[in-house]
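These notes are about the structure you will find just below.
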Amino acid sequence: MAAAWGVPPVNLARRLLRTKPTERIVAESGRGEGGELRRTMSLWQLTLFSVGATLGTGIFVVLGQAVPKAGPAVVLAFVLAAITALFSALSYAELAGTIPVSGSSYSYAYATLGELVAWVCGWCLMLEYAVSVAAVAVGWGEYLNAFLRSLLGVTLPDAITRSPGQGGVVNVAAILIVLLATWLLLYGASESATANAVLVLIKIVVLLFFCAVAFTAFRSRNLAPFAPMGVAGIAGAASQVFFSYIGFDAASTAGEEARNPRRDLPLAIILSLAVVTAVYVLVALAAVGAMPWTAFDAERTEAGLARIADLAAGASWPGLAVSFGAVIAIASVVLTVIYGQTRILFAMSRDGLVPRVFQRIGGRRQVPVANTLLVAAFISVLAGLVPLGRLAEATSIGTLFAFTLVNIGVLVLRRRSPGLPRGFRTPLFPLTPVLGAVLCVVVMAGLSGVTWVAFGLWMLAGLVCYFVYGFRHSRLHVEAGSQAKPGTTSPQG
């Protein structure tokens, strides 16, 4: 392969494993083509960005799937999953406080593990962000219909709320929520963060409302036996609910628009995980206390919390409020995840690994307009016309792979550059990042073979894209070539 590219094997390996100096990554922070991103986000907004990306429909759906596996001990399953996520969250917090830029784990990998690994990480993030948000948007029409059915007794036709292959023609509802999020993002990062804060607070209030209603029907006998499936059941349920915690890293994509990134990014990541864990545990306890665990149906998960609320109150209006919360939850996830995708592409474009259009900043609000529109168009096509199937399931494995690289990156950077200024240091080093990496690999190993095949195909496509475009256009490579020629200067675009 090296010969095919006209590069000796040793030089090829050196090019693929070259790292970008941490000091340079930080120095370029905020700079794009035609302007700079505005530093407007506070700690509060950053925290709610991560909460918004994490606290989605997972709790509305996954609880009904996990309870039959663990019984009332599903509460412990959420705690165990949170501890598993915490190790990686601490690694994210350290790197976010050391390299406070928009690229998230892509930039961290570029500084520690080299260009090819950074590209693979960025490609995984595209799977996590672009494909997963399309899959989330696809479900918005169903939750909207559940809400409209409860409120007005009407539903929107399948032709505009389902994708082709699922009984629909064009999923107009999915496209609509993507376009709404895009409009907010084009209006400005701070304004988008404010809108997200409102949406997040609404869905937290709705979930707390569910808890208040469910606790009125709480019966201690519903918690016995507490762990009918034993430790194996708790572990199985923990692996399933772990994916409800994915998204805590969203704040790290806002590193170039945070007011005080070295301090606020680590805090936002850890605080968001704490908030989400508290909500999940409280909801799980309220649910299994209000309804015997044997009554949970793993096949009827979409309206699980709404049904429990209705049964607890003996009326239909509590379920209506919970359905509204699910609609809001998806809207918040779509907004925050599209934002994250645009900022990761912004960082990759600045490094020359994707076309320059993604780093162009324009408009009065100083946002990457073309980048946002292109991402929105891509996600709209996926959500409106493409049955995502197994590719959407592969988003989980892509995310876990990126988490693994972040944990390894902490180990590498501590050894290579121990004197770098760090806004946060992972406690119990090196145990914490080692456990974080090992636990991510363990969870990945438990995923289905079909998911691994889908992930492998996605990675293959990513490598093709890198060697067709990024390998030749890498800014580090172009500058190295320029410096090798007397009388030339390095490009700055």
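The values are calculated or read from the model by the stated rules, or taken from the named source; none is laboratory data. What you see is a predicted model, and the numbers here were worked out from it, not measured in a lab. As a convention, Cβ positions derive from the backbone with ideal geometry for all residues, glycine included, and neighbour counts pool all protein chains shown.
Tell me, please, whether a residue that is buried (at least 24 other Cβ atoms within 10 Å of the Cβ), part of a helix (DSSP H, G or I) and of a type in the set (Ser, Thr, Tyr) can be found in the stretch 222-243. No: zero hits.
Which residue out of Phe87, Phe60 is touching a Leu at 6+ places or on another chain (Cβ under 7 Å), within 30 Å of Phe296 (Cβ to Cβ) and surrounded by fewer than 24 Cβ atoms within 10 Å (Cβ to Cβ)?
Checking each option against the conditions leaves just Phe87.
Evaluate the stretch 142-149: report whether one residue or more is closer than 25 Å to Val478 by Cα and either surrounded by fewer than 23 Cβ atoms within 10 Å (Cβ to Cβ) or touching a residue at least 40 places away in the same chain (Cβ under 8 Å) (or both). Within the stretch 142-149, none of the residues are closer than 25 Å to Val478 by Cα and either surrounded by fewer than 23 Cβ atoms within 10 Å (Cβ to Cβ) or touching a residue at least 40 places away in the same chain (Cβ under 8 Å) (or both). Per the listing Glu23, Glu36, the residue uniquely in contact (Cβ under 8 Å) with a residue 24 or more places away in the chain and among the acidic types (Asp, Glu) is Glu36.
Of the residues making up the stretch 304-325, one or more are within 23 Å of Phe78 (Cα to Cα), buried (at least 17 other Cβ atoms within 10 Å of the Cβ) and charged (D, E, K, R).
Whenever a residue of the stretch 96-112 is touching a residue at least 40 places away in the same chain (Cβ under 8 Å), its partners that are among the aromatic types (Phe, Trp, Tyr) and part of a loop (DSSP other than H, G, I, E, B), lying with C-beta atoms within less than 6 angstrom and at least six residues away or across chains, give the pairs Gly97/Phe424. Listed by position, the helices (runs of 4 or more DSSP H) contained in the stretch 360-471 that have at least 1 residues being free of Cβ contacts under 8 Å to residues at least 60 places away in the same chain, buried (at least 19 other Cβ atoms within 10 Å of the Cβ) and not hydrophobic (A, V, I, L, M, F, W, C) are 369-385, 390-416. Of Trp119, Trp183, all but one fail to be touching a Leu at 6+ places or on another chain (Cβ under 8 Å) and not β-branched (Val, Ile, Thr); the exception is Trp119.
So, Ala232, is that one of a type in the set (A, V, I, L, M) and touching a residue at least 24 places away in the same chain (Cβ under 8 Å) or not?
Taking the combined requirement at face value, the residue does not satisfy it.
The set of residues from the stretch 152-193 being surrounded by 18 or more Cβ atoms within 10 Å (Cβ to Cβ) and among the hydroxyl-bearing types (Ser, Thr, Tyr) comprises Thr161, Ser163, Thr182, Ser192. Where helices (runs of 4 or more DSSP H) fall entirely within the stretch 91-149, those with at least 2 residues that are hydroxyl-bearing (Ser, Thr, Tyr) and within 14 Å of Leu353 (Cβ to Cβ) are at 105-112.
Looking only at the stretch 273-295, decide whether some residue is more than 26 Å from Val74 (Cα to Cα) and buried (at least 24 other Cβ atoms within 10 Å of the Cβ).
First, pick out the residues of the stretch 273-295 that are more than 26 Å from Val74 (Cα to Cα): none.
The answer is no; no qualifying residue exists.
Residues that are within 14 Å of Val206 (Cα to Cα) and assigned to a helix (DSSP H, G or I): does the stretch 289-305 have at least one? Yes: one or more hits.
Here Val279 clears all of (1) touching a residue at least 40 places away in the same chain (Cβ under 8 Å); (2) not in a helix (DSSP H, G or I) except the condition numbered (2). Which ones in the stretch 320-377 are within 16 Å of Leu186 (Cβ to Cβ) and among the basic types (Lys, Arg)? Result: Arg343, Arg360, Arg364, Arg365. Flag not set for Ile83, criterion: free of Cβ contacts under 8 Å to residues at least 24 places away in the same chain and either more than 20 Å from the chain's Cα centre (by Cα) or on the phi > 0 side of the Ramachandran plot (or both). For the stretch 27-44, the criterion of being assigned to a helix (DSSP H, G or I), surrounded by 18 or more Cβ atoms within 10 Å (Cβ to Cβ) and of a type outside the set (S, T, N, Q) is met by no residue.
For the stretch 471-493, a residue qualifies if it is out of contact with any Gly (no Cβ under 7 Å at 6 or more places or on another chain), of a type outside the set (Phe, Trp, Tyr) and at pLDDT 85 or above, and the qualifying residues are Arg472, Leu476.
Of all residues in the stretch 313-356, those that are over 16 Å from Gly247 (Cα atoms), of a type in the set (A, V, I, L, M, F, W, C) and either part of a helix (DSSP H, G or I) or touching a residue at least 60 places away in the same chain (Cβ under 8 Å) (or both) total 15.
To keep it simple, each residue is scored yes or no on (1) under 30 Å from Pro387 (Cβ atoms); (2) touching a helix residue (DSSP H, G or I) at 6+ places or on another chain (Cβ under 9 Å); (3) at pLDDT 90 or above; (4) basic (Lys, Arg).
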residue: Leu95; (1), (2), (3), (4): no, yes, yes, no
residue: Tyr108; (1), (2), (3), (4): no, yes, yes, no
residue: Val154; (1), (2), (3), (4): yes, yes, no, no
residue: Thr161; (1), (2), (3), (4): yes, yes, no, no
residue: Gly168; (1), (2), (3), (4): yes, yes, no, no
residue: Thr182; (1), (2), (3), (4): yes, yes, yes, no
